[in-house]
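Okay, structure first, notes after.
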Amino acid sequence: MSDNKSILEIEQEIVDEFSLFDSWDDKYEYIIDLGKKLPPLEPQYKKDDNKVKGCQSTVWLVAENVNGVIYFKADSDAMIVKGLISMLIRVLSGHTADEIVNAPLDFIRQIGMMSHLAQTRSNGLLAMVKQMKNYALAFKLKNAG
Amino acid sequence: MIEPAIIKEKLDVYNIRKQFPFLSREVKGHPLVYFDNAATSQKPESVINALVEYYSSFNANIHRGIHTVAEEATAAYENSRDTVKNYINAPTREQIIFTSGTTEGINLVAQTWGRANLKKGDEILVSEMEHHSNIVPWYIISQEKGCTIKVVPITENGELDLNAYASLLNEKTKLVAITHASNALGTINPVNKISELAHKAGAVILIDGAQSTVHLDIDVQEIGCDFFVFSSHKVYGPTGVGVLYGKLNLLQEMPVYQGGGEMIKDVGFEKITYNDLPYKFEAGTPNIADVIAFKTALEFTTKTGKNLIRKHEEELLHYATNALEEIPGLKIIGKAKEKVSLISFVIENVHPQDIGILLDNKGVAVRTGHHCAQPLMDCYRIPGTTRASFAVYNTIDEIDVLVKALHKAIKMLS
């Protein structure tokens with residue numbers, strides 16, 4: 001799905017989708033719906049090593065490098081976080097390490113998420129972004145080395 | 001003893017609300033419902049004005065100055081000490097040490113009394129419902145001294161298991177550190193009894209009053225504890241101020257905490273003589289402005305009438321408990337007979353964080369998470385709770401807003 005589209009194009013898609021919502025109730029309904037639809041992570045991945053630090057809820061994130069293309073899988077015990085990570089996966093999964101590291105991810109601000117809940121350490125949105133970029137950076141350094 | 005001019009039966013909450021400028025703000029397009037009072041309370045206009053007045057007209061460093069303004073600032077600062085002394089019925093003003101907050105008070109005791117008196121093999125008794133602030137300082141000193149921390153369990157409804165407590169006390173118990181009221185459950189502990197039992201076993205007892213002082217009448221002599229600590233910001237006062245009360249003989253014997261100005265009498269490179277109580281524990285320029293405004297906060301509660309506040313908060317607690325219990329799948333965590341006005345709850349198959357975010361979207365501020373009491377959450381085998389905590393200015397109408405927003409959130413999440 002995301003193979004043909006650039007990160008920026010997918011970000012713009014999300015921004016366009018969110019522009020259809022009138023209220024934050026609708027936005028949250030949509031995010032919760034994304035969370036419900038995110039396939040659950042296989043139990044073997046739900047280990048401490050895969051936990052994202054800095055979230056009030058538990059978030060597990062795994063990354064796989066297939067011929068230079070990185071794929072993410074994730075899960076959480078909280079629904080809104082799960083919806084957020086579903087969006088991040090949609091934007092970042094299936095791209096190269098370089099593309100992921102350099103992704104602006106400005107859609108988070110554009111859909112109003114930054115002002116709505118990214119400010120406190122408790123929701124972990126920024127921690128998830130950081131962790132995904134760290135995975136990409138690690139793969140990049142590994143390839144370079 | 002000053003009696004209130006008019007003996008009132010009931011708190012005029014709408015008049016109280018007018019005194020809190022913060023309460024007129026909106027969040028996410030809704031009138032703010034502030035139910036995070038156990039984290040910090042809002043400040044009445046009188047407290048805000050006291051801060052402005054201090055900085056506008058008598059800001060000066062205290063105790064050393066010979067000039068008029070320094071005298072005024074010193075008098076105001078020391079006045080606060082007298083007010084605190086009366087507020088908790090301490091025998092003397094020397095027993096009131098200003099700290100930065102409850103946490104510093106506990107650390108001070110751990111690092112001075114603890115360092116001087118604890119030794120290998122000694123036991124420190126804390127309860128399962130302690131805030132991290134009443135666990136970590138004891139852990140640090142135990143690691144250093146080779147002491148053991150013993151934990152008093154709680155019962156299913158969130159009360160301290162007094163039988164277990166009594167049986168844990170022994171000749172090795174040197175210190176008991178117990179909260180007066182639990183920040184996560186609301187449980188009010190029978191501190192008089194707890195202190196009595198600790199003393200019978202020959203132990204020193206510290207009571208963490210962070211959550212109780214705003215709700216209850218505090219009489220440290222009646223409690224009989226050796227140390228009592230609390231924070232200004234949870235009692236409608238400014239942040240950055242706390243109080244450590246201690247028994248006179250203990251405070252006198254305790255070694256000094258931080259070194260610096262104010263806490264000394266004479267300084268030479270060969271010999272230093274330390275100041276008397278309470279200054280010996282107040283190194284450096286203290287938090288003058290906030291200490292002064294803290295007095296105004298305590299006066300606010302006294303003028304309002306602590307008995308009226310308590311009655312009002314009990315009404316809120318009772319109403320909210322009944323309303324929340326009607327929500328399918330909702331379970332209240334902490335059902336002690338005696339509670340301060342806070343309710344922790346979990347909802348089946350719903351993460352507290354989702355509840356917190358969706359309530360915030362409706363302008364309702366609650367706290368979600370482990371409430372800095374991870375051992376307690378482990379005990380209930382839950383990752384955290386949602387906590388609504390009520391103060392003097394909260395209303396029944398606001399609880400209705402919470403309940404409505406909860407119904408909506410649950411519907412969205414299921």
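Tabulated data
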read-out: Contour excess over end-to-end distance, with Cα ends at B:THR285 and B:ARG25 and 0.36 nm allotted per residue; value: 90.1 nm
read-out: Inter-chain Cβ neighbour average for residues B:378-388, partner chain, 10 Å; value: 1
read-out: Per-residue average of Cβ from other chains inside 10 Å of B:354-363; value: 5
read-out: Peptides ranked, highest mean first, by Cβ atoms within 10 Å: ranges B:302-310, B:389-397; value: B:389-397, B:302-310
read-out: Karplus (6.51, -1.76, 1.60) ³J(HN,Hα), θ = phi - 60°, over segment B:155-162, in Hz, Gly and Pro reported as x; value: 7, 4, 7, x, 9, 5, 7, 5
read-out: Structure-based [θ]222 nm, the protein assembly as shown - -39500 (n - 2.57) summed over DSSP H runs of at least 4, per residue, nearest 500; value: -12500 deg cm²/dmol
read-out: Antiparallel bridge percentage (DSSP; both residues within the protein assembly as shown; nearest 5); value: 65
read-out: Most to least packed among B:353-366, A:102-115 [average Cβ atoms within 10 Å]; value: B:353-366, A:102-115
read-out: Cross-link table B:LYS172/B:LYS200; A:LYS47/B:LYS331; B:LYS303/B:LYS335, entries beyond 22 Å C-alpha to C-alpha; value: A:LYS47/B:LYS331; B:LYS303/B:LYS335
read-out: Burial ordering of A:TYR71, B:TYR236, fewest other beta-carbon atoms within 10 Å first; value: A:TYR71, B:TYR236
read-out: For B:THR173, distant residues with modelled amide H under 5 Å away; value: B:GLU123
read-out: Packing-based order for B:286-294, B:260-268, using average beta carbon neighbours within 10 Å, highest first; value: B:286-294, B:260-268
read-out: For B:GLY202, net neighbour charge (Lys/Arg +1, Asp/Glu -1) across residues whose Cβ lies under 11 Å away; value: +2
read-out: FRET efficiency for B:ASN15 and B:LEU162, using Cβ-Cβ distance with R0 set to 51 Å, rounded to 0.05; value: 0.80
read-out: Efficiency of FRET between A:GLN12 and A:ASP48 - r from beta-carbon atoms, R0 30 angstrom, step 0.05; value: 0.25
read-out: Net length gained if the chain between B:GLU196 and B:ASP378 were fully extended (0.36 nm per residue, minus Cα distance); value: 62.6 nm
read-out: Pairwise FRET efficiency - B:GLU338 versus B:THR273, Cβ, R0 = 56 Å, nearest 0.05; value: 0.75
read-out: Mean Cα-pair separation over length for segment A:7-144, i.e. relative contact order, pairs under 8 Å, 6 or more apart, %; value: 29
read-out: Set of segment B:274-299 residues, backbone N closer than 15 Å to the point 7 Å along the Cα-Cβ line of B:SER57; value: B:293
read-out: Proximal charge balance of A:ILE80 [Cβ under 12 Å; K/R count +1, D/E count -1]; value: -2
read-out: Cβ neighbours within 10 Å from other chains - mean over B:223-233; value: 0
read-out: Listed pairs A:LYS53/A:LYS140; B:LYS119/B:LYS280; A:LYS5/A:LYS27; B:LYS150/B:LYS404 exceeding 31 Å between Cα atoms; value: B:LYS150/B:LYS404
read-out: Difference of contour (0.36 nm per residue) and Cα-Cα distance, B:THR92 to B:ASP266; value: 60.2 nm
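FYI, it's all coordinate maths here, none of it is from the lab. Nothing here was measured: the structure is a model prediction, and the numbers come from that model. Using ideal geometry, Cβ is built from the backbone for each residue, glycine included, and neighbour counts are taken over all protein chains shown.
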